[in-house]
Structures are given as C-alpha cells and as structure tokens.
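The values are calculated or read from the model by the stated rules, or taken from the named source; none is laboratory data. As the structure is a computational prediction, the values presented were derived from the model and not from experiment. Every residue, glycine among them, receives a Cβ derived from its backbone with ideal geometry; neighbour counts consider all protein chains shown.
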C-alpha cells in the first residue's frame, strides 16, 4: 500500500488512441471516504479515465494506484475492491431482486450466508423487503436505481464508481439517492461520481472538471466558485467548458 | 387551422395492466415551445409516439397541425419533424447520406431549406463523409435534429434531445430551439431536466402518466403554495433531519449547497429558523427567504399526488 489516506492516486495518467490523446497527463488524488465529483463535457475523456481506474483499460503511461494497487499489474485485485454502477447498465432485468444480489455477490466472491444477510439488510434499509422476488423489469426506475447502488456496494468495496447514476430519475428519488451516497461515504466507502446535474456537483466534497482530456480545475465546490467568480457550479462549468477547443464535439 | 398546433382530449394508453397515460388534456399554441417535464417512465415517450402517429391511444383523441392523428395520419406525417429519444438514423450511412435520405422521402429540397439547419449542420459538415454510427454523442444529436428539420416541418417533436448531454451542449441546443421558434415552428420537447423548464413558453409537469400542472413557468412558480427558505450549514444531512424536527417545517430538501425548507405563510421567520437550529447545535451560514423554482414546484406536486 502507498499512502493510506488516498483511495486513488494518479500521476501523469495518459491514454492515447492512435494520435488522439483522450487523457493528457491527469494528476490527482481521491481521499478515502470522500465524495469525489468527476465532471466534464461529453467527449472530455471521463469514460476513458473511469475505465482505466476500474482496471478495464490499460493506460498508455503514468503511475496510477487504485485502492493501493497498480493499474498496470494488479487489475484483478482492483476489481475485487471496487463497485460500479451506471445509468445505462445496472441490474439484470430478467432476474428478480434477490437473484441480482446473489449474482453480484457471487461474482465478488461473497459467501452464501453473507449474501443472504446483506440482501436482507439492504432491502430493509430501502423499505422494500416484500419486493425480494419481483422481476427487476417490473420495478419503477427510481427503485431500480437505488437497488443498483445497493448491489454495487454490497461487498463493501473501498471505492464505488457511479457513472451518471441519477440520469432521468424524478427529483425526490434523486435526493433519496444522494442521501444513500452520503451514508455510504460516512460508512467509509469512497465515492467517485459523474453527473450532468450541476446542483449535484455541490454535494461532492471535491470536484474535478475535465476539458479536452485534461483536468482544468480540482477543488471544493466553494473554492471553485470563489476562483471562477461564479454563484453556482453550473456557471463554473460553463466558464471552463466553453473555452474547450476542437477536441470537444 | 385553429390557433392550436396540438390539442388532446382524454388521451389514455395502457400497456397490459400498466397505465402509461391517464386521461391527458392539453393544447399547444402555434409557435410555442412547449415542454413536457418529468422523470423516465412518466409517459412522455408514449405521448409523443401517439402524437407522431406511431402508436394508437386506447381512448381519447388528438389533433396535430390540423390533422387527426388516426384518420389523417398520412397527411400529418408530411408536416411533422420527429427526433426520437433513441438515436434512429442509419448508422451505416454517412452524415451527408442520412440528410439526403430524409430530404428524399419527404421530397424536400436541401438547398431551399438549408437556412433552417445551417447553424446546426455547419458544425457537423466537416464530418459529412463519416458514417453516422461513428459520430460522437453530440454530433449524432445535431445530425438527428438536421434530419428532423430538413423538410421544414410545421410541428417539431423532440423526445429528450438533451438527456445525457453536458451543460454546455445543452445550452447550445436550446439556443438552436429558440432560433427555430422564430421561424414559426411549433416545438414540443420532453426533458427530465427541471432547469430547462424556464426556457419553454409553457410546460406540463408529468408524472405516472398524469399531467400535474400546465402553465407558463412563471405562473407555476408564482403559485407555489408555501413560504420557502434556503438554509446552509456544513452538514447537509444533519441539517435536513434537524429542520424536519420543527413542527411548522413540512419539507426539507437538498438543493445543491442549500436545503430548501417549506412552511406555511406567516408561521416562521428566517430568524426563528436560525435560532431553532442553533439551539439544536446546528450552526447555519445562511437562512433566507427565496422564491420557488420549477423543481420545488415539481417536488411539492409529486408529494400531493403520492398522498
């Protein structure tokens, strides 16, 4: 293990596709237990970076550690210690709620007893114990998103990656979802989250903003607003991303 | 044609036992930008598919651009522009070929109508020879809008054109819509983003297949029934639970760095809220009365609906 205080440590992370530089020397740390907002315009290079941090894509160069492990040589160890959820894909729609828990718990190598225990606990916390044998496809999106998050953290990962977790959900569910994120962070899980809702950037401890493959800004929302003389994070984002060059769509 | 570009009465639609649309009644005036604001699953796509003659309602009727959506569907299709939520262009055709294809089936002259799409298409023109499937998300969106416009439709139907799109591209897209409105095109647009409501002339807030309210954004926010405060402290979760302990505060919801707390008018002052929180050990850095936004209204209407 490197520095015990950091969950992610990236130094000069570069990812090149042919002549295109998707990630251009990204240097940043994510502290343990913090909610880290990873913002950027479409095409700025966020997805590329997340894939590297999850151990799914090999960077071109750099020194990168996730949960203390090297992304070049220890990707299998990384995968066991992280959770992942996105808006596009989260749960198997044709499986029931408890089957999804069993499936993901199995993948993460949890024992049958601890899967059963965890499933019960999480459904109880969501107040939906009675939905345990319901097919996912028949559930409203709001409940599905909350379930997907529960599944992503059922093996108590060190870090959970949330890729636009609240896209399209109603405003009440969106807030309930963020309450769950806060609770996970308080329980010590580091949260790495992307979003297009700029009010959600305010819920993060620190926020980085990517423009054209580089991290243009990284600080607390309060400091960013001060620095860019903006009244909210939307204005900060617009000021930074509007200056983007040809690399943006 | 009447003053309405779209009028619907008693529109309902079931999928098996699930009611997707529940007796919708609304009208859209000619030349309006009319927004349907609501989460996924609210019924927006079902409604748009009925209005574009792609799906039959179980009951009720709808007229679009002077045509009945069932009886006159052939005539209606000629004057409609439709951009579905899912990218539906031909992935294997190039940018240029897609545009030519859509102009062809509508027998439209690209040169004649080019002025309508110029601002949008110019941005993707450098990639005219690229296959649509190889475009980035933002470029696909621009091409889809160009194809929906090339026959100069009377009514433009946009199903979640800005979902998953970043804040800068979203703003650019809305600038384009406002320019199209000036050309006299009636636009209905679905979006899950509450902040886009203020860019519409009128909006319908929709949830579980029902319209919660239809009006101009300023009337909707102006008739918000509660007195609203925004409160800020270091610990948002703790602040919410403290606020909820006050008998006169009936809602406390996070809004960015603030919590919005609703009370009945004339019951509480900012000073009283500050003092109450201080007594509970919560230091606030701001407590002030504010005007409600669309999202406050939506949350309030949803709660009433759920009661």
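Just a few scattered comments:
- One residue alone among B:22, B:119 is outside any loop (DSSP other than H, G, I, E, B) and more than 22 Å from the chain's Cα centre (by Cα), and that residue is B:119.
- Elements of type helices (runs of 4 or more DSSP H) in segment A:1-107, at least 1 residues being farther than 30 Å from residue A:134 by Cα: A:46-53, A:75-81
- Residue within segment B:206-217 that is surrounded by fewer than 20 Cβ atoms within 10 Å (Cβ to Cβ), at pLDDT 95 or above, assigned to a loop (DSSP other than H, G, I, E, B) and touching a strand residue (DSSP E or B) at 6+ places or on another chain (Cβ under 7 Å) present: yes
- The helices (runs of 4 or more DSSP H) located wholly in segment A:144-249 that include 2 or more residues which are within 14 Å of the chain's Cα centre (by Cα), under 26 Å from residue B:191 (Cβ atoms) and more than 10 Å from chain B (Cβ to nearest Cβ) occupy A:171-186.
- Filtered residue count, segment B:233-254, keeping only those that are touching a helix residue (DSSP H, G or I) at 6+ places or on another chain (Cβ under 8 Å) and surrounded by fewer than 17 Cβ atoms within 10 Å (Cβ to Cβ): 1
- Top-ranked residue of segment B:256-287 - restricted to ones that are under 30 Å from residue B:191 (Cα atoms) and assigned to a strand (DSSP E or B), ranked as nearest to the other protein chains (Cβ to nearest Cβ): B:258
- Answer residue from segment B:223-252, given it is touching a residue at least 24 places away in the same chain (Cβ under 8 Å) and assigned to a helix (DSSP H, G or I) and is nearest to residue B:270 (Cα to Cα) among those: B:243
- Just so you know, in segment B:125-149 the residues that are in a loop (DSSP other than H, G, I, E, B) and more than 30 Å from residue A:236 (Cα to Cα) include one that is farthest from the chain's Cα centre (by Cα), and it is B:129.
- Given (1) surrounded by fewer than 22 Cβ atoms within 10 Å (Cβ to Cβ); (2) over 21 Å from the mean Cα position of the chain (by Cα); (3) in contact (Cβ under 8 Å) with a residue 40 or more places away in the chain, index of the condition residue B:87 fails: (2)
- Total residues in segment B:150-203, condition within 14 Å of another protein chain (Cβ to nearest Cβ) and part of a strand (DSSP E or B): 3
- Meets criteria (outside any strand (DSSP E or B) and assigned by TED's automatic domain parsing to the domain that holds residue B:197) for residue B:12: no
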